[in-house]
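A.B. asks: One structure is given below, represented as structure tokens, and several questions about it will come after.
The values are calculated or read from the model by the stated rules, or taken from the named source; none is laboratory data. Note that the structure is a prediction, hence the values are computed from the model and not measured. A quick note on method: Cβ atoms are made from the backbone with ideal geometry, for glycine too, and the neighbour counts reach across all protein chains shown.
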Amino acid sequence: MSGRWHAGEEAVVVGHSGPKIDGMARITGQALFVDDLRLPRMVHAKFLRSPFPHAWIRSIDLSAALALPGVVGSMVGEEIPRKYGAIPVCQDETALAIGKVRYVGEPVVCIAAEDEETALRACRLVRVEYEPLPTILSIDEALDPARPAIHHDSRKPSNVLRRVSQDYGDVEKGFAEADLIVEESYDYPGSTHVPLESHGALAVWEADGRLKLWTSTQNPHYVHRDIARVLGLEAAQVRLIKPAVGAGYGGKCDPFCTELCASYLAKKLGRPVKIILDREEVFYAHRGRHPVRMWLKMGFRNDGSITAIDFKAQADGGAYSSYGVVTSYYLGVFMTLPYRLQNYRFESQRLYTNKPPCGPKRGHGAIQPRFALELHLEKAAQLLKIPADELRLRNIVAPDTETCNGLKVGSVGMEECIRAVVKSSGYAEKKGKLGPGRGIGIAASAYMCGALHPTYQNELFHSGVMIKVDRSGDVCLFSGTADIGQGSIHMLATLCAERLGLRPEQVRVVEGDTSLTPVDLGSYSSRVTFMAGNACVEAADKVRARLFAAAAKKLKVEDAALQAAEGFIFVKSEPTQKISFVDAVWLAEEAGPLVEAGGYTPPKIGNRFRRQSVGPSPAYSFTAQVAEVEVDEETGIIRVERIWVAHDCGRALNRTIVEGQLEGCVYMGVGEALYEEQAYRKGGILRAPSILEYKIPTLHETPEIHSIIVESHEEGGPFGAKEAGEGPQLSTVPAIAAALQDATGIWLRDPPFTPEKILKALERHRAPLS
Amino acid sequence: MLPFPKFDYAAPTTLREAVSLLCTPGARILAGGTDLLPSLKHRLFEPSLLVSIRRLTELREWEMLPDGGLALGAGLTLQQLSGLPALALYPGLQEACRTVATPTLQGTATIGGNILLESRCLYYNQPVGWRDAIGGCLKCDGSVCHVAPKGKGCYAAHSADTVPTLWLLGAQVELVGPLGVRLVPISALYSGDGLRPMLLQPGEILTRLLLPPPGPPTVHRKLRTRAAIDYGLLLVAASRSQSGYRAVVSAVGPAPIEVRGESPEDLAEAAFRAVQPLGTHAPAPTWRKKVLRVEVRRAAESLKEG
């Protein structure tokens, strides 16, 4: 697969900075989101949601609601009995609750009306009789066998969704060889994504008897499959279109009640149905970061080398599984990177509780253990009296190696990342010397570039791209990817333009439409640049080959003598000998329509451990960060002043977008470090489902961010690219925790680091030992 | 997007007409709307009629008074107000205006609206589904105060940023109602009852804010989680005269609380003794109480050099 981009040829478009081709449409309001779409005779639907965390539904009386003028129709859970879910092996959720509710905010009834306000008022007229059940609201309660099973009707009723246990090397021998053993517990809180755009869907049954569904999703393909299955339709009867999407961060990977109920009601009522969640409902849809309780034990030799890691994690998953089975693996699998390790044991459990379901959020399942591991290294560095950056440098895995749990690593830019942030931040000069209330900290991390295995078993390609060029010169690229703001449209246009000698804005991209575009598995696991990018290069190269063949004939040279750039195909050795791109297309069309496709199937990377199907990736990205903080020791208020982040993304296809991703990751990390927590009050009720009370940083709380792109060449990546969308977030929170420790002497192992926690810890720290 | 409940709307052109419309049962005044409109969307109240003051141009006028004080129309936006050259003589008030929400909202929110801001609580200013799940509260659709379940009243917090400073300045408001015009000192405007925090008569409109001539400077401090958007966790205004220090503390109950002291430390201790923050805000009351002492002391200390 390598060498596809003809090493030695200089990239013209790849590697530049500049705005996205779809950026202007987004900032001028031309980009159409689901809520911008309106169809004739369209009605609006709203949900009535459960006020109880766990209860039997005894009866539902819709009469008063249906009598309200303007109400058009309604549906209850029994009308879509089939269960849905992101992962085929554990589908446990229904569009609306059937017989039982399992969290506060679970949808119970859906009502359609001529306008949203009427639908909302009608929902409040529905009378539901509930019979409350004992609730399971914590990890300990979920582990208590005396409590009722939240999924009483599953094959093996239990509040443990999945238990994973893996053991590599000889952990006990590793600890026996250690000069220092560090053991600590950590608690990472749950948090939610807060995408700017809420979830929404618009469904219409067209005259040909088929369903057309627009939805704000990250995963058109998986959602398409599951919606069709649950509604009892052939997938070909459903056309799912992803319009412009206002971010996901993992929160729009699952199928949702919006899509199912809009589709079902549209059929039932014979009218188009739109459902847009309000902000409160987005907090109930959730699928956010799992709260994880962790225990970590590590052995070190005096020289800083790591002899063994023993790790346990328990994840509070909420009422449904979502991607929880996958989460239970991700919690452990990346602990073997980026540091050399021979002996590793981990055990994780993903539990059911009566709360909105957790799922994937940027850095899925890896954020929490990374926090524990990196803060652990800070502690070990202090005990070993080795600088924390040096301790990491001594342990970095070599390129082209295999970890003890079978991850095959290609390029590794870890050392360059650490050295870059240490140098630019002045870490060595500042550590321990910034004076009272000020501190600096470092952390590093590794992440995947696309899951090697799809969520349902198949051997087909993961990404398909089709390119159509015609004599007008118009280049149209079709891809099943889902640009959710991260820039995959621009990535595809860039790669296509590079290979055809055009500018990105000359490439139109049609994407995320299950009828028009070839399958792509979706925007998750940081896979799009790597996988769809490769598919795009393959398709573009096929078009290029046909253009070159036609041009070569005309110019009377060999194909290999040609080059494409700036809208021309020319002879490399004699650039004045050239024909324009449009003329070349005309000539190429003599052989028939100029339509070509490419696909990406991950290489069959064997893994010694058959059980390790979650975690392996064709490549891995690396990040290092340094954070500088200031703490007001009288109030406990902490401010993250500056972050230096260096990320090995392979080749940066567009530097502006990579920098944007680094800044976005740091921003989200600062939110999780200081403010964010999907917290519940008694009764399983969210503490504050609003973005006034769920605090995400404003510009004022966002630190000065110094983004450093470290480029390695990943053999299998498109132009050597890896990923930048998730990995950079992993090391933000532990870097801040280490900086807080440097500033104050306190170790906080349970983010968010609120002023209350900091002040309490400072008071304990200052108290004379008794 | 959250839809509005249905309501009628009127935008009278005379004060007399506005007062008469406001006497309609279920009517509410609409000024900048920055607090009212989200509250409607959250169904905190469902007025039958909104009376907009946007066409009452006299509410956007201001003048210097013969005694050197200022008369400020209640319809001036916080941005207009803080931008008045004369406001430089009232630095605490200028600062307070600039800490409200965000610059965008300061361009819409009015000074009158801020003075009459509805009291706020973690259990009240929430979306409707959430309030249904907790069974409502004393202030809306319920019978229990979740902040003080054994208490007698509603403790929703006075949260108007400009008020502590106006209180220290000795400002007055002019109220026009069906029975005529009256002047009320800011310090006498608040009832201390979270259910009906303002001592207004039915149909009354706040028309003008009257500031006495500039005196000793006041300072304003706002403690909040984020430096924009958020309402205050503590609002502290302080001033200093020959007789000592004064501070007005708010966001700790339905009405601001005034304390006095001889030194910054003394003032902070007086505030610490007089004020008991409650669970009306997300951070723990114990933390807010500790920080209250720090905030009051720092406010007073910043006056030392003046």
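A.B. asks: Could you please let me know if A:ILE111 is among the aliphatic types (A, V, I, L, M), out of contact with any strand residue (DSSP E or B) (no Cβ under 6 Å at 6 or more places or on another chain) and more than 30 Å from A:PHE300 (Cβ to Cβ)?
C.D. replies: no
A.B. asks: Give the residues of the range B:226-257 that are in contact with a helix residue (DSSP H, G or I) (Cβ under 9 Å, 6 or more places away or on another chain), within 14 Å of chain A (Cβ to nearest Cβ) and crowded, with 22+ Cβ neighbours inside 10 Å, sorted by residue number.
C.D. replies: B:LEU233, B:LEU234, B:VAL236
A.B. asks: Which count do you get for residues in the range A:679-700 that are more than 18 Å from A:PRO189 (Cα to Cα) and among the hydrophobic types (A, V, I, L, M, F, W, C)?
C.D. replies: 2
A.B. asks: Of the residues that sit in the range A:187-205 and are within 28 Å of the chain's Cα centre (by Cα) and hydrophobic (A, V, I, L, M, F, W, C), which one is surrounded by the fewest Cβ atoms within 10 Å (Cβ to Cβ)?
C.D. replies: If we take residues in the range A:187-205 being within 28 Å of the chain's Cα centre (by Cα) and hydrophobic (A, V, I, L, M, F, W, C), then A:LEU196 is surrounded by the fewest Cβ atoms within 10 Å (Cβ to Cβ).
A.B. asks: Enumerate the pairs (first residue in the range B:120-141 and more than 7 Å from chain A (Cβ to nearest Cβ); second residue anywhere and part of a helix (DSSP H, G or I) and at pLDDT 90 or above) with beta-carbon separation below 7 Å, excluding pairs fewer than 6 apart on the same chain, so at least 6 apart or on different chains.
C.D. replies: From residues that are more than 7 Å from chain A (Cβ to nearest Cβ), the pairs are B:CYS140/B:ARG131; B:ASP141/B:ARG131.
A.B. asks: Of all strands (runs of 3 or more DSSP E) completely enclosed by the range A:474-571, which ones contain at least 3 residues that are more than 30 Å from A:GLN729 (Cα to Cα)?
C.D. replies: Fully inside the range A:474-571 and qualifying: A:475-479, A:562-565, A:568-571.
A.B. asks: A:GLU763: in a helix (DSSP H, G or I) and within 12 Å of chain B (Cβ to nearest Cβ), yes or no?
C.D. replies: For A:GLU763, the condition - in a helix (DSSP H, G or I) and within 12 Å of chain B (Cβ to nearest Cβ) - is met.
A.B. asks: May I pose another question? How many residues does the range A:632-663 hold that are on the phi < 0 side of the Ramachandran plot, crowded, with 21+ Cβ neighbours inside 10 Å and away from chain B (no Cβ under 14 Å)?
C.D. replies: Counting residues in the range A:632-663 that are on the phi < 0 side of the Ramachandran plot, crowded, with 21+ Cβ neighbours inside 10 Å and away from chain B (no Cβ under 14 Å) gives 15.
A.B. asks: Okay, next question. Quick one: B:TYR155 ticks every box in (1) in contact with a Gly (Cβ under 9 Å, 6 or more places away or on another chain); (2) within 14 Å of chain A (Cβ to nearest Cβ) except a single one, so which number is it?
C.D. replies: Status for B:TYR155: all satisfied but (2).
A.B. asks: Those residues that are buried (at least 23 other Cβ atoms within 10 Å of the Cβ) and assigned to a loop (DSSP other than H, G, I, E, B), I need them from the range A:305-340; list them, please.
C.D. replies: A:GLY317, A:GLY318, A:ALA319, A:TYR320, A:SER321, A:SER322, A:TYR323, A:LEU337, A:PRO338
Let's see how each residue does on (1) touching a Leu at 6+ places or on another chain (Cβ under 7 Å); (2) part of a strand (DSSP E or B); (3) within 19 Å of A:THR353 (Cβ to Cβ):
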{"site": "A:GLY73", "(1), (2), (3)": "yes, yes, no"}
{"site": "A:ALA97", "(1), (2), (3)": "no, no, yes"}
{"site": "A:ALA119", "(1), (2), (3)": "no, no, no"}
{"site": "A:ALA122", "(1), (2), (3)": "yes, no, no"}
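A.B. asks: Residue under question is B:GLY92, and the condition is that it be in contact with a Phe, Trp or Tyr (Cβ under 9 Å, 6 or more places away or on another chain) and in contact (Cβ under 8 Å) with a residue 60 or more places away in the chain; does it hold?
C.D. replies: Here the answer is no, as B:GLY92 does not meet what is asked.
A.B. asks: Which residue, of A:GLU701, A:GLU756, is within 14 Å of another protein chain (Cβ to nearest Cβ), over 22 Å from A:MET414 (Cβ atoms), of a type outside the set (S, T, N, Q) and more than 25 Å from the chain's Cα centre (by Cα)?
C.D. replies: A:GLU756
A.B. asks: Could you go through the range A:571-583 and let me know if any residue there is among the acidic types (Asp, Glu) and touching a Cys at 6+ places or on another chain (Cβ under 8 Å).
C.D. replies: No, the range A:571-583 contains no residue that is among the acidic types (Asp, Glu) and touching a Cys at 6+ places or on another chain (Cβ under 8 Å).
A.B. asks: I've got another one for you. For the range A:289-325, give me the residue count where each residue is farther than 21 Å from A:THR94 by Cβ and under 17 Å from the mean Cα position of the chain (by Cα).
C.D. replies: 3
A.B. asks: Quick one: A:SER515 ticks every box in (1) touching a Lys or Arg at 6+ places or on another chain (Cβ under 6 Å); (2) surrounded by 22 or more Cβ atoms within 10 Å (Cβ to Cβ); (3) more than 19 Å from A:ILE579 (Cβ to Cβ) bar one, so which box is it?
C.D. replies: Result: A:SER515 fails condition (2) only.
A.B. asks: Check the range A:43-50 and report whether any residue there is of a type in the set (Val, Ile, Thr) and in a strand (DSSP E or B).
C.D. replies: yes
A.B. asks: For the range B:212-263, which positions are charged (D, E, K, R), under 23 Å from B:ALA284 (Cα atoms) and in a strand (DSSP E or B)?
C.D. replies: Passing the criteria: B:ARG221, B:LYS222, B:GLU258.
A.B. asks: Select from the range A:159-186 the residues that are out of contact with any Phe, Trp or Tyr (no Cβ under 8 Å at 6 or more places or on another chain) and buried (at least 17 other Cβ atoms within 10 Å of the Cβ) and list them in ascending order.
C.D. replies: Hits for the range A:159-186 are A:ARG162, A:GLY174, A:PHE175.
A.B. asks: A further question on this structure: Looking only at residues in the range B:271-297 that are in a helix (DSSP H, G or I), crowded, with 17+ Cβ neighbours inside 10 Å and in contact with a strand residue (DSSP E or B) (Cβ under 7 Å, 6 or more places away or on another chain), which one is farthest from the other protein chains (Cβ to nearest Cβ)?
C.D. replies: B:ALA271
A.B. asks: On to the next question. So A:TYR680 ticks every box in (1) farther than 23 Å from B:VAL147 by Cα; (2) more than 10 Å from chain B (Cβ to nearest Cβ); (3) surrounded by fewer than 24 Cβ atoms within 10 Å (Cβ to Cβ) but one. Which box is left unticked?
C.D. replies: Looking at each condition in turn, A:TYR680 falls short on (1).
A.B. asks: Is there a residue being touching a residue at least 12 places away in the same chain (Cβ under 8 Å), closer than 23 Å to A:PRO752 by Cβ and away from chain B (no Cβ under 14 Å) anywhere in the range A:337-348?
C.D. replies: Within the range A:337-348 (the criterion being touching a residue at least 12 places away in the same chain (Cβ under 8 Å), closer than 23 Å to A:PRO752 by Cβ and away from chain B (no Cβ under 14 Å)), the answer is yes, since at least one residue qualifies.
A.B. asks: Right, here's the next one. What number of residues within the range A:304-333 are within 22 Å of A:GLU177 (Cβ to Cβ) and out of contact with any strand residue (DSSP E or B) (no Cβ under 8 Å at 6 or more places or on another chain)?
C.D. replies: So the count comes out to 2.
A.B. asks: Please go through (1) within 20 Å of A:GLU259 (Cα to Cα); (2) among the small types (Gly, Ala, Ser); (3) over 29 Å from the mean Cα position of the chain (by Cα); (4) within 14 Å of chain B (Cβ to nearest Cβ) for A:GLY70 and return the number of the only condition it doesn't satisfy.
C.D. replies: (1)
A.B. asks: When you scan the range A:742-749, do you find a residue that is away from chain B (no Cβ under 14 Å), part of a loop (DSSP other than H, G, I, E, B) and buried (at least 24 other Cβ atoms within 10 Å of the Cβ), even just one?
C.D. replies: no
A.B. asks: Same structure again: Only one of (1) modelled with pLDDT of 95 or more; (2) surrounded by fewer than 22 Cβ atoms within 10 Å (Cβ to Cβ); (3) not in a strand (DSSP E or B) is not met by A:GLN457, so which one is it?
C.D. replies: Result: A:GLN457 fails condition (1) only.
A.B. asks: Right, here's the next one. For the range B:205-225, state whether one or more residues are away from chain A (no Cβ under 14 Å), touching a helix residue (DSSP H, G or I) at 6+ places or on another chain (Cβ under 8 Å), among the small types (Gly, Ala, Ser) and crowded, with 23+ Cβ neighbours inside 10 Å.
C.D. replies: Checking the range B:205-225: not a single residue is away from chain A (no Cβ under 14 Å), touching a helix residue (DSSP H, G or I) at 6+ places or on another chain (Cβ under 8 Å), among the small types (Gly, Ala, Ser) and crowded, with 23+ Cβ neighbours inside 10 Å.
A.B. asks: Let me ask something else. Examine the range A:12-25 for a residue that is of a type in the set (S, T, N, Q), surrounded by fewer than 18 Cβ atoms within 10 Å (Cβ to Cβ) and free of Cβ contacts under 8 Å to residues at least 60 places away in the same chain, and state whether such a residue exists.
C.D. replies: no
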